[in-house]
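Structure, as structure tokens:
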Amino acid sequence: MGKPLFMQHVSITLDDGTGEQSFECDVHAATVEAEPGDVVTYVTLCPDGTYSQAAADTFVFHVIGAQRWSDGAAPATDGMGLARYLDDHAGTDLSELTCVYNAHGDAVPSPEFPAKRFTCIAQHPAYGGERDTWAEFDVSMPITGNPETLTAAPV
């Protein structure tokens, strides 16, 4: 029997079409969440004339992270901060991001340690926060379609 998922180290890469960037070191929490579709009911004038159908589920990529606003230019080894990346991409032609998220860390995806691949829409993160605390952002990025479960290395 496999072990339950213990969140400790994850792998998050985003790609706007110009190349993958990793952001796990800016993230405190990350989840792919399903939001059930609404049930739509149509009632007719006959006694048994009720039709119901559930709309399709939708998904979001919910991320809570540290606001790191570096553009990655200096020092270049730090890379761009996720807050800056999302803010630069939200509302632009590059807002559609391909994401590979592995809650099992940097392990190669397998049936025991699957990852998720999906396309999400960048959202503007919060800027600023309370005194004497680390500034965080909390965004829910809509996922287009259904996330794909990866059980082998992405191609």
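Output the number of residues of segment 94-105 satisfying the condition of being assigned to a loop (DSSP other than H, G, I, E, B), under 18 Å from H28 (Cβ atoms) and of a type in the set (A, V, I, L, M, F, W, C). Even if it seems obvious, please write down each step before you answer.
Initially, segment 94-105 is screened for residues assigned to a loop (DSSP other than H, G, I, E, B), giving 94-95, 103-105.
Filter once more, keeping what is under 18 Å from H28 (Cβ atoms): 103-105.
Subset that is of a type in the set (A, V, I, L, M, F, W, C): 103.
Number of matching residues: 1.
From the list T18, T58, T41, T50, which one is of a type in the set (V, I, T) and either within 16 Å of the chain's Cα centre (by Cα) or at pLDDT below 90 (or both)?
Details: T18 fails: either within 16 Å of the chain's Cα centre (by Cα) or at pLDDT below 90 (or both); T41 fails: either within 16 Å of the chain's Cα centre (by Cα) or at pLDDT below 90 (or both); T50 fails: either within 16 Å of the chain's Cα centre (by Cα) or at pLDDT below 90 (or both).
The unique qualifying residue is T58.
Restricting to segment 106-155, count the residues that are part of a strand (DSSP E or B) and not aliphatic (A, V, I, L, M).
First pass over segment 106-155, keeping only residues part of a strand (DSSP E or B): 115-121, 136-150.
Checking which are not aliphatic (A, V, I, L, M) leaves us with 116-120, 136-138, 140, 142, 144-149.
Matching residues across segment 106-155 total 16.
Could you please give the count of residues in segment 82-114 that are in contact (Cβ under 8 Å) with a residue 60 or more places away in the chain and of a type in the set (K, R)?
0
The values are calculated or read from the model by the stated rules, or taken from the named source; none is laboratory data. None of the values given here were measured: they were computed from a predicted structure. A quick note on method: Cβ atoms are made from the backbone with ideal geometry, for glycine too, and the neighbour counts reach across all protein chains shown.
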